[in-house]
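The values are calculated or read from the model by the stated rules, or taken from the named source; none is laboratory data. Bear in mind the structure is a predicted one, so any value in this text is a computation, not a measurement. Ideal geometry is used to build each Cβ from the backbone, glycine not excepted, and the neighbour counts take in all protein chains shown. We work out accessible area using only protein heavy atoms, side chains counted, and drop any ligands, DNA or RNA first. Shrake-Rupley method; radii C 1.70, N 1.55, O 1.52, S 1.80 Å.
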Amino acid sequence: GQQLNQSPQSMFIQEGEDVSMNCTSSSIFNTWLWYKQDPGEGPVLLIALYKAGELTSNGRLTAQFGITRKDSFLNISASIPSDVGIYFCAGGNAGGTSYGKLTFGQGTILTVHP
Amino acid sequence: SQTIHQWPATLVQPVGSPLSLECTVEGTSNPNLYWYRQAAGRGLQLLFYSVGIGQISSEVPQNLSASRPQDRQFILSSKKLLLSDSGFYLCAWKAGANVLTFGAGSRLTVL
């Protein structure tokens, strides 16, 4: 089945630093999503990407849909303590027998030191 | 607006006991619904999905089952829990083009 390789697995950074994480896939997706999960909560959508090469920003977050459709990255600029959490990439394919199912990466645990 | 509810939020059960986790969605009709499991705060594994009442698709063989008795209700069950069933169970609905919205989760500990 499809697998997503997300890296790094964890990051320890100082407040104010920029963060970059990425996902690669063995298969093509036509949708890439980035979620954030706070402890004990469900994941919350940060950014959705629907087109190869698309670059989308949401505040201090920027994500890109790789041109090969097999990868995506997420950047966080000027990190703040509330950025702490687990970040997940997810890939999906619309239509057909996909039924909206998403495949998730293993997550990047982000720790921000004040 | 649409909301998704899961309960119970936390559950501690002995090995061999039954399980029932419930998920309901409000503010939408005929949603696609999903059960994911998350072990040890890491990646999410799709367990079941449903595209309509009474329709269940299983993604992985396991000790769990799912049912959809009503349009906006999705239930995860087990007749006899195993230690390996412990985890964080997340219900989700398809909120848009390939976007899933998740509930707050149910944490199950099997002792």
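Please work out the average accessible area per residue across chain A, using the 1.4 Å probe convention, and give it in Å².
46
At 1.4 Å probe size, with every protein chain present, just tell me what the per residue accessible area of the stretch B:8-97 comes to in Å².
Counting only protein heavy atoms, the per-residue value for the stretch B:8-97 is 44 Å².
According to a simple spin-label model (label point 7 Å from Cα along Cα-to-Cβ), what is the distance in nm between B:Ser65 and B:Lys80?
For B:Lys80 paired with B:Ser65, the spin-label model returns 1.4 nm.
Put one equal scatterer on each alpha carbon of chain A, apply the Debye formula with no solvent term, and list log10 I(q)/I(0) at q = 0.10, 0.21, 0.23 1/Å to two decimals.
The Cα Debye sum returns log10 ratios of -0.27, -1.12, -1.31.
Determine how many Å³ per residue the convex hull of the Cα atoms of chain B encloses.
Here the figure is 94 Å³ per residue.
Counting only protein heavy atoms and rolling a 1.4 Å probe, how much accessible area do B and A lose on contact, total for both sides, in Å² to 100? Show your work: numbers first, answer last.
Values: alone 5850 and 6150 Å², together 10150 Å².
Counting protein atoms only, the buried area is about 1800 Å².
Let me know the mean shielding of B:83-91 by other chains, meaning the per-residue number of their Cβ atoms within 10 Å of its Cβ.
1
Carbon and sulfur: what percent of the protein assembly as shown's accessible surface (1.4 Å probe)?
53
Taking just the alpha-carbon atoms of the protein assembly as shown, what radius of gyration and Dmax come out, in angstrom?
Reported Rg and Dmax, both Å: 17.5, 50.
With only Lys, Arg, Asp and Glu charged, each at its Cβ (+1 for the first two, -1 for the last two), find how big the charge dipole of the stretch A:1-98 is about the Cα centre; round to the nearest 20 debye. Walk me through the numbers on the way to the answer.
Numbers: 5 positive and 8 negative charges, 87 e Å.
For the stretch A:1-98, the charge dipole is close to 420 debye.
Quick one: if the Förster radius is 25 Å, what FRET efficiency do A:Ala52 and A:Asp18 give, using the C-beta to C-beta distance and rounding to 0.05? Provide the component values of the computation, followed by the final result.
Details: r = 25 Å, r/R0 = 0.98.
About 0.55, to the nearest 0.05.
Restricting to lysine pairs 8 or more places apart or on different chains, what number in the protein assembly as shown have Cα atoms under 30 Å apart?
14
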